[in-house]
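First up is the structure itself, then whatever we jot down about it.
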Amino acid sequence: NAGVTQTPEFQVLKTGQSMTLQCAQDMNHEYMSWYRQDPGMGLRLIHYSVGAGITDQGEVPNGYNVSRSTTEDFPLRLLSAAPSQTSVYFCASGEGGYEQYFGPGTRLTVT
Amino acid sequence: DAKTTQPPSMDCAEGRAANLPCNHSTISGNEYVYWYRQIHSQGPQYIIHGLKNNETNEMASLIITEDRKSSTLILPHATLRDTAVYYCIARSGTYKYIFGTGTRLKVLA
């Protein structure tokens, strides 16, 4: 199993650009989530999904969209990038409300 | 979900037990306590979780007080590889895991 994979590993965007961060898991987990981590801070939940077609907002959802068309994939879309969205983005998946498995992260810089 | 409070940093000598405290005084009866750690800038790694009984696995032990207002994660024989940020999370039946700023544990040689 590859576990949770994220692409790209690094990304630089200009203010106002849009992009999609990809997340995929091969463990057939129903639960998937996106977090952002700013320097020296803990993780903050952006959006999560409890199954295909079901998504909900976390702590900091503004500026981000998600969809879940398959069990495997949970992309995160930045609609119009802002410097405040410079962060490390982690995707995670889990089953049954127990442990979550995290991906390696995407390092995003918005200039 | 209950708010958790952890000390910002701790040191531990290699080979000794590392005891990481967490306060969750507003925890409700159905909220589990989870512990994760993050080594360098990697994705967090699950360690252990519990409701009201003490739990032990191959990585650590979790001691939850009888009133459930606090807990302690114990790494029985800390190694240099255990240097990381440790997060304590209280989570109910929702799927919103709320991470705080955690405890930065430094294991000293």
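Throughout, read-outs are computed from the coordinates displayed, never taken from laboratory work. Only a predicted model underlies this, so the values are computations on that prediction, with no experimental measurement involved. Here Cβ is always computed from backbone atoms with ideal geometry, including for glycine, and neighbour counts include all displayed protein chains.
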> Can you give the Kirkwood hydrodynamic radius of the protein assembly as shown from its Cα pairs, in Å with one decimal?
Replying inline: 17.9
> Between rounded, prolate and oblate, where does segment A:32-104 land on the alpha carbon gyration tensor, with a ≥ b ≥ c its root eigenvalues, rounded for a/c under 1.5, else prolate if a/b exceeds b/c?
Replying inline: oblate
> What is the sum of charges around B:C22, taking Lys and Arg as +1, Asp and Glu as -1, for the other residues whose C-beta is under 12 Å from the C-beta of B:C22?
Replying inline: +3
>> How high is the relative contact order of chain B? Use alpha-carbon pairs under 8 Å, at least six apart in sequence, and give a whole percent.
In response: 37
>> Need the list of aspartates and glutamates near B:K69 for cross-linking: C-alpha distance under 19 angstrom, and skip anything on the same chain fewer than eight residues off.
In response: B:D1, B:E31, B:E55
>> Order these by the 10 Å Cβ neighbour count, fewest first: B:E31, B:E66, A:E95.
In response: B:E66, A:E95, B:E31
>> Please give me the summed charge of the neighbours of B:K52: other residues whose Cβ is under 13 Å from its Cβ, Lys and Arg +1, Asp and Glu -1.
In response: -2
> Using the Karplus equation 6.51 cos²θ - 1.76 cosθ + 1.60 (θ = phi - 60°), what ³J(HN,Hα) coupling, rounded to whole Hz, does each residue of segment B:95-109 give in order, writing x for Gly and Pro?
Replying inline: 9, 8, 7, 9, 7, x, 8, x, 10, 8, 8, 10, 8, 9, 6
> For the charge dipole of chain A, defined by +1 on Lys and Arg C-beta atoms and -1 on Asp and Glu C-beta atoms about the Cα centroid, which residue among A:M32, A:V110, A:T20 has the Cα displaced farthest towards the positive pole?
Replying inline: A:V110
> If amide H atoms are built 1.01 Å from N in the plane of the peptide, which residues on other chains or at least 5 residues away come under 5 Å of the amide H of B:R104?
Replying inline: B:S9, B:M10, B:Y86
>> If N is the number of residues in chain B, what value comes out of its Cα radius of gyration divided by 2.2 N^0.38 Å?
In response: 1.00
>> For a quick check: with amide H placed at 1.01 Å from N, whose amide H comes under 5 Å from B:A78's, ignoring anything fewer than 5 positions away on the same chain?
In response: B:G15, B:R16, B:A17, B:A18
>> For chain B, which cysteines have no second Cys with its Cβ under 4.7 Å from theirs?
In response: B:C12
>> List the residues, sorted by chain then number, that are 5 or more residues from A:Y31 or on another chain and whose placed amide H is less than 5 Å from its amide H.
In response: A:G94, A:G96
